[in-house]
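Enquirer: I have a structure here, written as structure tokens, and I will follow up with some questions on it.
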Amino acid sequence: EKGTVEILEALESPNRVIFRTSTDTGQDTIQIEVETPDGIRGIRSFSGGQVTELNLSVRLALAEVLARRAEVAFESVFLDEVMSALDAPARQCFLRVVNLMRRSFSQIFVISHHSEIRDVLESCITVEWHPDGSTVEVA
């Protein structure tokens, strides 16, 4: 839960993630709930952009916890179209999260159709489709 806080704060989200674990069925399960200013809600009750923010915070926090427990370092993270469900303000917050992630990952790969990501990353591979073949530019 603590790992999600920093990411959600960078995304300017007022929400907090709560993990509830259970072994009632004989299997370990994790239920994710979200504490909002208006109370606790299930993750399925949020909009697409909000779910993207919550998923991103949970996945990155879990990746860091698992790496520490396994005593290995995740060098790279791949984020495929995570900006697609975000509106313009949320995309700007996401770009701040990418900068925050540089502390934990030496390589961050972001696959996106949004050009503003180019301004945040140190290098960029741009692929453009053309009817007669694609072009690739590395900057």
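The values are calculated or read from the model by the stated rules, or taken from the named source; none is laboratory data. None of the values given here were measured: they were computed from a predicted structure. No Cβ is skipped: glycine too gets one built from the backbone with ideal geometry, and neighbour counts run over all protein chains shown. Areas reflect the complete protein model, heavy atoms only, side chains present, ligands, DNA and RNA absent. Shrake-Rupley method; radii C 1.70, N 1.55, O 1.52, S 1.80 Å.
Enquirer: At 7 Å along Cα-to-Cβ for each site, give me the label-to-label distance between Ala73 and Ala88 in nm.
Expert: That separation, rounded to one decimal, is 3.9 nm.
Enquirer: Shifting gears a bit: Per DSSP H run of n ≥ 4, the term is -39500 (n - 2.57); total these for the chain, divide by its residue number, and report the mean residue ellipticity at 222 nm rounded to 500 deg cm²/dmol. Provide the component values of the computation, followed by the final result.
Expert: Working: 3 runs with 46 residues, N = 139.
Helix contribution divided over all residues of the chain: -11000 deg cm²/dmol.
Enquirer: May I pose another question? Between segment 22-61 and segment 84-120, what's the alpha-carbon centroid distance in Å?
Expert: So the separation of the two Cα centres works out to 22 Å.
Enquirer: Can you list the residues, at least 5 places off or on another chain, whose amide H is less than 5 Å from the amide H of Val110, using H built in the peptide plane?
Expert: Amide H neighbours of Val110: Leu79.
Enquirer: Of all the accessible heavy-atom surface of segment 7-93, with the other protein chains kept in place and a 1.4 Å probe, what percent is carbon and sulfur?
Expert: 49
Enquirer: Could you order peptides 120-126, 68-74, 101-107, 82-88 by the average number of other Cβ atoms within 10 Å of their residues, highest first?
Expert: In descending order of packing, they fall as 82-88, 101-107, 120-126, 68-74.
Enquirer: Full-extension gain between Arg118 and Gln31, please, as 0.36 nm times their residue separation minus the C-alpha to C-alpha distance.
Expert: 27.8 nm
Enquirer: May I pose another question? Among the DSSP beta bridges whose two residues both lie in the chain, what percent are antiparallel, rounded to the nearest 5?
Expert: Here the share of antiparallel DSSP bridges comes out near 75 percent.
Enquirer: Using 0.36 nm times the number of residues separating His130 and Arg102, minus their current alpha carbon distance, what extension gain do you get?
Expert: Roughly 6.8 nm would be gained on extension.
Enquirer: Taking only Cα atoms and a 10 Å spring cutoff, compute GNM fluctuations for the chain and point out the largest among Thr36, Thr21, Thr52.
Expert: Thr21
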